[in-house]
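J.: Take a look at the following structure, please.
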Amino acid sequence: MQSGLRGGLRRGLRLLFPPQCISCGGAVAEEFGLCPDCWRDTGFIRGLACDKCGTPLPGEADGRAEFCDDCLTIARPWDRGRAVLVYRDTGRRLVLALKHGDRQDLARPLAGWLAASAAPILLPGMLVTPIPLHWRRFLKRRFNQSALLSGALARLAGLDHCPDLLQRTRATPSQEGRGRHERFENMAEAIRVNPARGARLAGRSVLIVDDVMTSGATFAAAADALQAAGAGSVSILALARVAKDG
Ligand SMILES: [Zn+2]
Ligand SMILES: [Zn+2]
């Protein structure tokens, strides 16, 4: 009876508020989905991807770990990594909408995509944590978009979430317009493990979640801090990967 009532309510609501594409607002069949046009423009990373950063690679996946040129030449102090989409077109729009556009409702559909992309690198008992914002930026924005993603992913994957495992030690100037070397210098030792959370960490594998990976300098600073504080394995997951030629 109750579920019948709930089903009726849902049908009624659907008439009043038909499901909309999460990117353009166009009509879609299912809630929390993309319309066919936006889907095509989203740049989902499927098939072969770099096992450290998730960037798409040419060729077919055959079960062996492959690495992109960047990950072969730059120190990546983590074990494995994935990214859901390439940072362009619809993918870029969704990232910006989550960060600046008052679209926290996106976290739920995005978490489903994150879970699917991260499936090969998730480990039982993994602790999920976001890249932190500096507290001053957090007060200004009132939420950390990466924590929205990591929290929704952890819930979906049945893993523990620790939103304040990592902390910024200082406010870093924007990475915008900086070369790779500068980005790494800018981020060096800018992230530490929260002293109050260190005990949760001992020997545990950790998944660090961020909205965008560009050079990897932020993930490297976070992974260095986790390794130094005694984490087991450390892996990374980005919603969007800035592709070299994109
Ligand atoms: Zn659309
Ligand atoms: Zn890579």
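The values are calculated or read from the model by the stated rules, or taken from the named source; none is laboratory data. The structure displayed is predicted, hence computed values, not measured ones. We place every Cβ from the backbone using ideal geometry, glycine too, and count neighbours over all the protein chains shown. For the accessible areas, the whole protein counts, side chains as well, though only heavy atoms, and no ligand, DNA or RNA atoms are used. Shrake-Rupley method; radii C 1.70, N 1.55, O 1.52, S 1.80 Å.
J.: Considering each residue of the stretch 159-200, count those that are open to solvent by less than 80 Å² (accessible area, probe 1.4 Å) and within 19 Å of Val128 (Cβ to Cβ), and give that number.
T.: 16
J.: Might you let me know whether the stretch 207-218 holds any residue that is open to solvent by 30 Å² or more (accessible area, probe 1.4 Å), more than 21 Å from Arg137 (Cα to Cα) and part of a loop (DSSP other than H, G, I, E, B)?
T.: The answer is no, given that none of the residues of the stretch 207-218 is open to solvent by 30 Å² or more (accessible area, probe 1.4 Å), more than 21 Å from Arg137 (Cα to Cα) and part of a loop (DSSP other than H, G, I, E, B).
J.: Consider only pairs whose beta carbons are under 7 Å apart and that are at least six residues apart or on different chains; among these, list those whose first residue lies in the stretch 50-61 and is farther than 11 Å from Ala238 by Cα and outside any loop (DSSP other than H, G, I, E, B) and whose second residue is within 6 Å of ligand 2 (Cβ to nearest atom) and among the hydrophobic types (A, V, I, L, M, F, W, C).
T.: none
J.: Just one of the numbered conditions (1) at pLDDT 90 or above; (2) in a loop (DSSP other than H, G, I, E, B) is not true of Trp39; which one?
T.: All conditions are met except number (2).
J.: Just to be sure I understand, how many residues within the stretch 63-116 are part of a helix (DSSP H, G or I), of a type in the set (Gly, Ala, Ser), within 30 Å of Gly232 (Cα to Cα) and open to solvent by less than 70 Å² (accessible area, probe 1.4 Å)?
T.: Residues flagged as part of a helix (DSSP H, G or I), of a type in the set (Gly, Ala, Ser), within 30 Å of Gly232 (Cα to Cα) and open to solvent by less than 70 Å² (accessible area, probe 1.4 Å) within the stretch 63-116 amount to 4.
J.: Given the structure, is Phe17 touching a helix residue (DSSP H, G or I) at 6+ places or on another chain (Cβ under 9 Å) and of a type outside the set (Ser, Thr, Tyr)?
T.: Criteria not met by Phe17.
J.: Looking only at the stretch 133-148, count how many residues are in a helix (DSSP H, G or I), closer than 15 Å to Cys162 by Cβ and open to solvent by less than 20 Å² (accessible area, probe 1.4 Å).
T.: Total satisfying the criteria: 1.
J.: Give the stretch 117-131 a look and list any residue that's open to solvent by 10 Å² or more (accessible area, probe 1.4 Å) and more than 12 Å from the chain's Cα centre (by Cα), or say none.
T.: Of everything in the stretch 117-131, those that are open to solvent by 10 Å² or more (accessible area, probe 1.4 Å) and more than 12 Å from the chain's Cα centre (by Cα) turn out to be Ala119, Pro120, Leu122, Leu123, Pro124, Gly125.
J.: Next up: Which residues, counting only those in the stretch 154-194, are part of a helix (DSSP H, G or I) and in contact with a strand residue (DSSP E or B) (Cβ under 6 Å, 6 or more places away or on another chain)?
T.: Ala154
J.: Could you tell me which numbered condition Gly7 fails, if it satisfies all but one of (1) open to solvent by less than 30 Å² (accessible area, probe 1.4 Å); (2) away from ligand 1 (no atom under 14 Å from the Cβ); (3) part of a loop (DSSP other than H, G, I, E, B)?
T.: Unmet condition: (3).
J.: Here is a list of conditions, (1) farther than 23 Å from Met187 by Cα; (2) of a type in the set (D, E, K, R); (3) at pLDDT 90 or above; (4) more than 13 Å from ligand 2 (Cβ to nearest atom), and Lys99 meets all of them except one; can you say which number that is?
T.: (1)
J.: Restricting to the stretch 95-106, name every residue that is in contact with a helix residue (DSSP H, G or I) (Cβ under 8 Å, 6 or more places away or on another chain) and either over 23 Å from Ala49 (Cβ atoms) or among the acidic types (Asp, Glu) (or both).
T.: Ala97, Lys99, Arg103, Gln104
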